[in-house]
Amino acid sequence: MKFLLTHALLLLSILTYAQEPHWDAQLLEKINGKKVIRWDAPYSNSDSWLAIVKVKKKVGAYLISTAETITDEGNSTTNVDHVEEQIPPRYEEIGAFIAINKEESDRVDYLQGFDVKVAEVQSKNKTGIIIQYGDSYDAYYLDAKDFFQAIDWEQNKGTHVPVLNNEKWGIYDWYHQKYIFDCEYATKEALPKTT
């Protein structure tokens, strides 16, 4: 119990530290951003952070690395060092990244051994899927290609998820970004049971 409490406090302090105002200001200056929406630590051993940022009127995702410097007074400070755009600022919103069950993502050869997370993005009243995958040190991102009226994550199997478009259901492979079955089924129950 003491171990879990210590780790929870450490994680909280790390997440709080990532949201220091000087990081926000430094990041916004580097990308001409308007507002930092939130900071996420992609993976446990990574020195990088993911920042969801509003640039002009749209939201994008940026991978941030930091560097420690010593001030003239001899104090240590950490500053935003390198910024790499991962998802261009083209969305009204980027939702939280949700972990995909390891058993489900391991069904896909390309994703075996990776931690996989997905986030929904909003664009013109439609919902798309962006993917974050990687190991303890590196994170990779795939931007949304297709957009839907609804996504039924409770029925996700591997990388196949039921989606609703034009009031019809289909099955979409969110990793390969293609339809397995086009949206031509009146109900989810009518969808094919195997692929």
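The values are calculated or read from the model by the stated rules, or taken from the named source; none is laboratory data. Keep in mind that this is a model prediction, so the values were computed, not measured. For neighbour counting, all protein chains shown are included, and Cβ atoms are generated from backbone atoms with ideal geometry for every residue, glycine included. Side chains are part of the model used for accessible areas, which takes the heavy atoms of the whole protein and leaves out ligands, DNA and RNA. Shrake-Rupley method; radii C 1.70, N 1.55, O 1.52, S 1.80 Å.
Annotations for the structure displayed:
- Subset of the range 172-195 (residues that are open to solvent by less than 90 Å² (accessible area, probe 1.4 Å), closer than 23 Å to Y141 by Cβ and not hydroxyl-bearing (S, T, Y)): D173, W174, H176, Q177, I180
- The set of residues from the range 134-147 being free of Cβ contacts under 8 Å to residues at least 40 places away in the same chain and within 14 Å of G113 (Cβ to Cβ) comprises just one member, Y140.
- Close pairs (8 angstrom Cβ cut-off, 6 or more residues apart or separate chains): closer than 30 Å to E120 by Cβ in the range 67-94, among the acidic types (D, E) and assigned to a loop (DSSP other than H, G, I, E, B) anywhere: I87/D143; P88/D143
- In the range 137-169, the residues that are in a strand (DSSP E or B), in contact with a Gly (Cβ under 7 Å, 6 or more places away or on another chain) and among the aliphatic types (A, V, I, L, M): V163
- Residue list for the range 80-124, restricted to those being touching a strand residue (DSSP E or B) at 6+ places or on another chain (Cβ under 8 Å), among the small types (G, A, S) and in a loop (DSSP other than H, G, I, E, B): G95, A96
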